[in-house]
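The values are calculated or read from the model by the stated rules, or taken from the named source; none is laboratory data. Computed from a predicted model, the values in this text were never measured in an experiment. Glycine also receives a Cβ, built like all others from the backbone with ideal geometry; neighbour counts cover every protein chain displayed.
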Amino acid sequence: MPVDHKRINGPDETLPYNLFAKSNKKSSLQEYEDIVKKGKRGDSRSYLEHRKLFIKTGVVSQAKGSAYIELGKTKVIVSVFDPREIPNRTEYSLKGEIYCEFKFAPFSCKKRRLHQQDAEEKQYSAIMKQALESTVCRHEFPNFQVDVYALVLHNDGSSLSAAITAAGLALSQAGVPMYDLITSITLALQKDTILLDPTMKEQNICYYPIHKQNDHGVIIISKLHSHNQISQFYQTGSISLHKLSEAFETLNKSCEEIVPLVQKCLVKHVINNLKNSEVSDK
């Protein structure tokens, strides 16, 4: 892996500060049992309740379109830039391409991230590209490429779905032709408990089975609202067909609940642009 010699690296021998904290960590089983006993999650939400959502467009002045999203403590910013010729391509392409780069900021996670993309970030970039390709009218800009950059400022779970929702908003603001608005939701499952829009701690509980051969995992879907189509589906873990069908219905309903917020944000952006143009004409 190439090394950036312009960066000041820390000492070779370091110890994480967690070693000096009080050792009061609970096991995944204990944390899961606490959630089931209380009937509510750590932030007082019910199992199928979404976190509070904040969206804003036009946050990056250098970009053609941009969006900022807050999903609880999760904070993501997405930038979209003008179409450019597809690099290193000799043959003419009838369809344009979407280039996606998903990146965690070095300070966004509990463990510090490197400035180069790791395997997880490359995988998330590919999932994000898959979700957006069926949303954008790629035949409208043949032989050109639209760049989409997602930067996670703080990761507290559901960062990929937040980035996909924000990317749809940023593409709309940039004037890129699209078939429909896209929204994305994450769901975590452990045994019989379904947790909508999980935090990072809840996701970690659901990655591995608490008991042998029980349902567990994380599901992410992206949906086109008007066409009622799923543009992307991603799953980790082992989930039975019955539980998967139940989780899918929950995700589908939750995606529909987010759409009015996204539409309201776009309408607000258009109204502000019209007001600014009227002021400039006077």
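Some notes on this structure:
- Just one residue in the set Ile69, Ile86 is modelled with pLDDT under 90 and on the phi < 0 side of the Ramachandran plot; that residue is Ile86.
- In region 221-238, the count of residues that are at pLDDT 85 or above, among the charged types (D, E, K, R) and within 16 Å of the chain's Cα centre (by Cα) is one or more.
- Residue within region 110-127 that is hydroxyl-bearing (Ser, Thr, Tyr) and either in contact with a Cys (Cβ under 8 Å, 6 or more places away or on another chain) or closer than 17 Å to Ile77 by Cβ (or both) present: yes
Per-residue answers, yes or no, for (1) more than 26 Å from Glu49 (Cβ to Cβ); (2) buried (at least 24 other Cβ atoms within 10 Å of the Cβ); (3) in contact with a Ser or Thr (Cβ under 8 Å, 6 or more places away or on another chain):
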{"position": "Ala119", "(1), (2), (3)": "yes, no, no"}
{"position": "His154", "(1), (2), (3)": "no, no, yes"}
{"position": "Ala170", "(1), (2), (3)": "yes, yes, yes"}
{"position": "Pro177", "(1), (2), (3)": "yes, no, no"}
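- Among the residues examined, Ser108 qualifies as in a loop (DSSP other than H, G, I, E, B) and either among the β-branched types (Val, Ile, Thr) or surrounded by 15 or more Cβ atoms within 10 Å (Cβ to Cβ) (or both).
- Among the conditions (1) closer than 30 Å to Tyr207 by Cβ; (2) at pLDDT below 70, the only one that Gly42 does not satisfy is (2).
- Which listed residue is outside any loop (DSSP other than H, G, I, E, B) and out of contact with any Asp or Glu (no Cβ under 9 Å at 6 or more places or on another chain), from Gln123, Gln145: Gln123
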